[in-house]
Amino acid sequence: MFHVLTVSWRCHSDIIFMTAIMFALYFAFISIIGVAITIWDKQASKKQGKRRVRERTLFIIGALGAALPMYITMQIIRHKTKHRSFMWGFPVMIFVHFALLTYYVLQLPSYYTIGG
């Protein structure tokens with residue numbers, strides 16, 4: 001009566017491909033949120049009395065994966081560029097994100113052996 005959706009993995013490369021797709025979707029989603037919040041906070045900074053985004057919130061969104069697009073957005077719209085915590089903190093987060101991604105990608109061959 002009910003059809004159960006099952007996924008049949010033909011080989012380990014399917015798992016790697018699906019992992020890459022999921023990572024790309026997550027990165028796109030968190031990047032859009034990070035850029036939107038950065039732009040919204042910039043607009044709020046121009047208007048008196050409009051509620052601002054906490055700096056801690058910007059850092060949390062950046063740490064969750066949106067550091068690079070948020071940093072680029074901050075440079076383009078000149079937002080928070082005089083704050084040392086942002087101009088040093090976001091590049092550090094970007095470095096850590098790339099280091100973790102590199103480590104993960106280099107570990108894939110040890111987790112999945114293709115053809116065996």
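Does residue 45 fit the bill of being of a type outside the set (A, V, I, L, M) and under 13 Å from residue 80 (Cα atoms)? Spelling it out, residue 45 is indeed of a type outside the set (A, V, I, L, M) and under 13 Å from residue 80 (Cα atoms).
Taking the range 59-85, which residues are in a helix (DSSP H, G or I) and closer than 11 Å to residue 41 by Cβ?
Pass one, the range 59-85, residues in a helix (DSSP H, G or I): 59-77, 84-85.
Correct list: 61, 70, 73, 74, 77.
Picking from residues in the range 54-78 that are charged (D, E, K, R) and under 18 Å from the mean Cα position of the chain (by Cα), the one that is nearest to residue 22 (Cα to Cα) is 56.
If you filter the range 42-53 down to residues that are basic (Lys, Arg) and surrounded by 10 or more Cβ atoms within 10 Å (Cβ to Cβ), you find that the one that is nearest to the chain's Cα centre (by Cα) is 42.
Test residue 39 against the criterion of being more than 30 Å from residue 104 (Cα to Cα) and assigned to a helix (DSSP H, G or I), and give yes or no. So residue 39 passes the test. Evaluated against (1) assigned to a helix (DSSP H, G or I); (2) at pLDDT below 95; (3) surrounded by fewer than 10 Cβ atoms within 10 Å (Cβ to Cβ), residue 56 falls short on exactly one condition, (2).
The values are calculated or read from the model by the stated rules, or taken from the named source; none is laboratory data. On a predicted model such as this, the values are computed, not experimentally measured, just so you know. All Cβ positions, even for glycine, are placed from backbone atoms using ideal geometry, and neighbour counts span all protein chains on display.
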